[in-house]
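The values are calculated or read from the model by the stated rules, or taken from the named source; none is laboratory data. Remember, it's a predicted structure, so these values are computed and weren't measured experimentally. Backbone-built Cβ (ideal geometry, glycine too); neighbour counts: all protein chains shown.
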Amino acid sequence: MAAQWLSNTSAWSARVSAAAASALSFLARPDQMRRIRQVLLCLLAFWAVLALSRLIWALVPAAEPVAAVTPEVINPVTSGGSAQDVDPVDIDTLVGWHLFGEVGETVVDMPLPEESASANSRDGIEDGARETRLQLKLRGVVSSTEDGLGYAIIENNNLQDVYAVEDKLPVSGEVTLAKVMPTQVVLDNGGTYELLVLYEDSSLGGTVPAQSAAPPAPPQPEVTDERHDTDTTALAQSYRDRLYQNPQSLAEVVRISAVREGSQLRGYRVSPGTDAAQFAQMGFEAGDVVLGINGVSLDNPTNTMVLYNSLRTAGEVVFELERGGQPMTISVNLDDSAAQ
């Protein structure tokens, strides 16, 4: 049995060896080797294309499926009623409501809330106010309206400047100009109202009665200095514009101080400011006392408002003054055509 198995094994090995030798001899042929290489190259190329396509699809992001969202209706459309369900409009009732006022009714213009509040905030603040102890002197006032607005010429340490309502004064602490009146002003000293009188120990501190006629003008001066050249006219026009647009700037040109005889005001003494050349070009000299302007006497503070309004449209300004005890007049033209 063993001998037979060994004989069969040897025969099988011989057949395998013969088959392998035949295959090797077949493969060793050049034409067969070329075909095998071509087949292997085709398989390799197919595998490379397949791998590259899988790589490309792996890099491209896939679009996420968007779920269909049902839109929410905020204001659904409801079917309206028929025309027969609508109530008719009563025109006579609407007319009776007088939505736009009655015919012939008088319309009253009401002030704006801001204007009323601003005016009421200054009403009566001078009542009970004591005289200020600050080292300030009131040299002049320009009260524009009856609601306490205007400008005041206040002197501190021999320096004068023009201040408007709510301007801060050049003293220590929170001191502002709160109200301007014909003969005095009200100061807001840290929440406390104080009075600064135009003239101390003067009867002008009381209420000045209204005058029906203009005060008498001073005597006609003997010397007249007429300044009607073009340069002086242009300079005077610029001063008038600054008076209504920026009164504080005039303090750089001229300095003024009140002149009194006892308790009675006579006028205002003028002296040059920083530009003495322009002061002299207007015809003034240091120490001149201005007694009146355009026939309006300056011996009463209540005339300041009259003069302030008249200078807006004046074609000429005439200064009636006293120089060295002698009266004289300086006439300055404000009209370009007349100057030419």
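Would you point out which residue out of G287, G295 is surrounded by fewer than 14 Cβ atoms within 10 Å (Cβ to Cβ) and of a type outside the set (V, I, T)? Step through it out loud before you land on a result.
Working: G295 fails: surrounded by fewer than 14 Cβ atoms within 10 Å (Cβ to Cβ).
When all the criteria are applied, what remains is G287.
Within the stretch 262-274, identify whether any single residue is small (G, A, S) and closer than 21 Å to H228 by Cα, and answer yes or no. Let's see the steps before the verdict.
Residues of the stretch 262-274 that are small (G, A, S), as a first pass: 262-263, 267, 271, 273.
So of that shortlist, the ones also closer than 21 Å to H228 by Cα come out as none.
Taking every residue of the stretch 262-274 in turn, none turns out to be small (G, A, S) and closer than 21 Å to H228 by Cα.
In this entry, R255 passes the filter for residues that are within 21 Å of I154 (Cβ to Cβ) and of a type in the set (D, E, K, R). The set of residues in the stretch 305-338 that are out of contact with any Asp or Glu (no Cβ under 9 Å at 6 or more places or on another chain), closer than 20 Å to G273 by Cβ and surrounded by fewer than 18 Cβ atoms within 10 Å (Cβ to Cβ) contains only L311.
Considered as a group, the residues in the stretch 219-233 that are modelled with pLDDT of 50 or more and touching an Asp or Glu at 6+ places or on another chain (Cβ under 8 Å) include one that is nearest to P301 (Cα to Cα), and that residue is T233.
Does A277 satisfy being of a type in the set (A, V, I, L, M) and loosely packed, with under 13 Cβ neighbours inside 10 Å? Lay out the reasoning, then the answer.
Numbers: of a type in the set (A, V, I, L, M): yes; loosely packed, with under 13 Cβ neighbours inside 10 Å: yes.
Taking the combined requirement at face value, the residue satisfies it.
Look at (1) in a helix (DSSP H, G or I); (2) closer than 20 Å to D161 by Cα and you find that A277 fails only one, number (2). Taken together, the criteria place G262 among residues that are out of contact with any Lys or Arg (no Cβ under 8 Å at 6 or more places or on another chain) and farther than 21 Å from D335 by Cα.
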